[in-house]
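Please treat every number below as a calculation from the coordinates, not as lab data. Since we're looking at a predicted model, the values are computed, not measured.
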Amino acid sequence: MTRLTFLLPLAVLLASEAMAQSDDAAYCRKLSDYAIRYTGDTSFNGGARPDFDILDGVDKCNKGNTAAGIAVLEKKIRSKGFAPPPR
């Protein structure tokens, strides 16, 4: 019985941590799309291309470092006068 009382909270903790990571990854993708669309440098053909800060944030997100990627992307979005999208 003592193993069960130890393993059950551990399983809940691991599941909630995995869900939080999944939420962060989804938010990172959302921020990446938003940053490219609204704060990227405009090109001659009317499209937007990401600058180096945006590329750095997207790269960090893709490599699993979502906390750093989110920080970079939110900072870039705010520096251009936009509010980041809601989580």
Quiz prompt | Of every Cα-Cα pair in region 22-87, the percent that sits beyond 16 Å | solution = 37
Self-check item: Phi-based couplings in Hz for region 50-61 (Karplus 6.51, -1.76, 1.60; Gly and Pro marked x)
Solution: x, 8, 5, 5, 5, 4, 5, x, 5, 4, 5, 4
